């Protein structure tokens, strides 16, 4: 297993050793941070340290950082906690945003997967009701970065609040909560080498936030429940390392260049616009994504056909659909995502496996496969 | 990686706060470790072996949790902890059935997250009845029966109280609920793994479980949701549709595995551990009673988990006592509210007078508590209670036979 090339970091990234060490220490220390005695105070200190580290990753103040059980909860909390009835979201948001507000108005993206700012401006102007705008920092399937600064500028002019799902962007591109200017920012630890089960919502101190769950007054009454101390410690340690950023653009360039050379009709989605450096969404013409994923898995390369939460279901990617990618082409698209421990050998292994598969399929009947895809 | 070889170093205080949180069992950490390192996949990834391996871990854990409470594994949902489970159970049921029924029954001694959720629902237009408890902390079943109306959708009564450790008559409550076609939710954060719980025998429809109260990790819990007859919920967290749509979000595989392992260990060792703790509980109580007068155990002693004592030391201020016994990690009440100096609402609900409520300590015993620790704790408590009493004018007056309640204090 360990010999496999794991290239599915956007689903989850392996835990960084520093994060594991911090977690084991916290697990051994024990204690409930709300307890007054020494054991409790030590647990509280671990949480406080991690809060500073996570806040530093995104240039926020510790007091603005609320720990949650993950990115999904952070997104849900922001969208309900902001208390705005009118919500505008981009067409490529993660399900944890889309489904949290089924009534939301959907903002289109262009062919490269970038938010249509004209459409946002028009939507904001169409009603006097103050809105909440939710746009992600980087898309989970294509890695395309969104024009958050422009979103904030337009939203501010219209009196709207802004939420940014930075789950896929944090730890990969430099982030400054204050410069970015958003009111709410969602983070997930396990997307950059922290543990699963922990995330954060960063909330500008002036922004409204009603609690989503009720109980003990943890997290300054904004998120009840005994703190996941070890998870938070791992989150902090991973953040302290991720603050150095992730630049795997050389590896990705090599990867994309090679794959397009092998299959000239292959298309890298969002290739012409700024993306986080770790993500490639690419189609292998005529070969269904599921076939690719299985063939690569047999060759010891882990990639995915889309978001992990929906990857069990056979359905069209809403992201590619929003970009206007024809269904037949979208059905052949996979996501390759690198991370903090990716090395050149992983990329070479992927290229070899990709080439083997492509050659095999080309030699059989590619047109036959294509017609099957079209029929589906 | 350093292995956990012992739970407590000698320079650390004796941990007697097992209702706030429990140390993690080293066996649990051991089970979790592979899922932190090489089995790190996303259990939602169906496209490669890393994902399948993670899913095997979560599903095994689900079965372990289900087995502990006599449930089917399909009926167990992972959450971020008991607070979330309680919020989801109560709010989820209330919101799903609100067009037909709008009344919820609970008790005044529930955990804060149950009470606050109920108060929030009241603001939304639901009706909530907060039942009193008897002086022993237990629910009066006739009072429950009388409170149920044809609008009642849910009865939420905790299995074991977090401050006084009393065990509610779950079987009887379950029977009453079933007879009246009302859903029965129990917050079993303090009960699961400590007393036998069988959702079938007890007619429980929803049950909240916490990882870190059963020697597992923090940040994980579970909610049991009955499938036959089916209980339906409006989810609180939506997104990727994990946990059959009841609870979205990537499953934290190592935490799920830890909860499962913790559940299995508790199940295997429950009987012998209960006996061992009962002896320790008796040893502590006998030790204190033989050397101190004017101490009162709050809550019924018989219908109580052996890992809890809640004792009022008359004429001694609980906070001062806690400051004195630096070598013991205990609390004066629930951890969530432990920073506040308000007397415990649980003790007040039992009819404990404010003065006595202020003198109480919650002492929690557990898996790693030793006889030696109990003896040391008794010595420390006796020494400090005596010292504080010597300084107390009230104690002096009481010794002289003056009835303190008869004194009319001058206004100041």
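Laboratory data are not the source of any read-out in this text; all were calculated from the coordinates shown. Every value quoted in this text rests on a predicted model; they were computed, and no experiment measured them. Quick reminder, even Gly has a Cβ in these numbers, built from the backbone with ideal geometry, and neighbours come from all protein chains shown.
Per-structure values
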| read-out | value |
| --- | --- |
| Nearest-0.05 FRET efficiency for residue B:327 and residue B:275, computed from C-beta distance (R0 30 Å) | 0.65 |
| Peptides ranked, highest mean first, by Cβ atoms within 10 Å: ranges A:93-100, B:123-130, B:320-327 | A:93-100, B:320-327, B:123-130 |
| In nm, spacing of pseudo-spin labels at residue B:134 and residue B:181 (7 Å Cα→C-beta vector) | 3.1 |
| Shielding by partners, peptide A:219-229 (average Cβ within 10 angstrom, other chains) | 6 |
| Point-to-point label distance, residue B:354-residue A:52, nm (Cα→Cβ direction, 7 Å offset) | 4.1 |
| Length-normalised contact order of segment A:160-318 in % [C-alpha pairs under 8 Å, at least 6 apart] | 16 |
| GNM result for chain A, Cα springs below 10 Å: residue of A:333, A:119, A:50 fluctuating most strongly | A:119 |
| Cut-off 14 Å, label 7 Å out along Cα→Cβ of residue A:110, residues of segment A:134-149 by amide N | A:145-148 |
| Contour minus Cα-Cα distance for residue A:179 and residue A:298 (0.36 nm per residue) | 38.3 nm |
| Segment B:270-395, relative contact order in percent, only Cα pairs under 8 angstrom and at least six apart counted | 35 |
| For residues of B:210-219, the mean tally of beta carbons on other chains within 10 Å | 5 |
| Highest to lowest packing among B:23-30, B:268-275, scored as the average C-beta count within 10 Å | B:23-30, B:268-275 |
| Expected 222 nm ellipticity per residue - DSSP helices of 4 or more, -39500 (n - 2.57), all of the protein assembly as shown, to 500 | -12000 deg cm²/dmol |
| Shielding score for B:244-253, defined as the mean number of other chain Cβ atoms within 10 Å | 6 |
| Paramagnetic reach from residue B:127 (point 7 Å along Cα→Cβ, amide N under 14 Å) across segment B:139-160 | B:146-154 |
| Highest-first arrangement of A:176-184, B:75-83, where packing means the average Cβ count within 10 Å | B:75-83, A:176-184 |
| Förster-model FRET efficiency, 35 Å R0, residue B:320 and residue B:403, C-beta, rounded to 0.05 | 0.90 |
| Relative contact order [Cα under 8 Å, 6+ residues apart], chain A, whole percent | 24 |
| Principal-axis tilt of helix B:170-179 within chain B, Cα atoms, nearest 10 degrees | 50 |
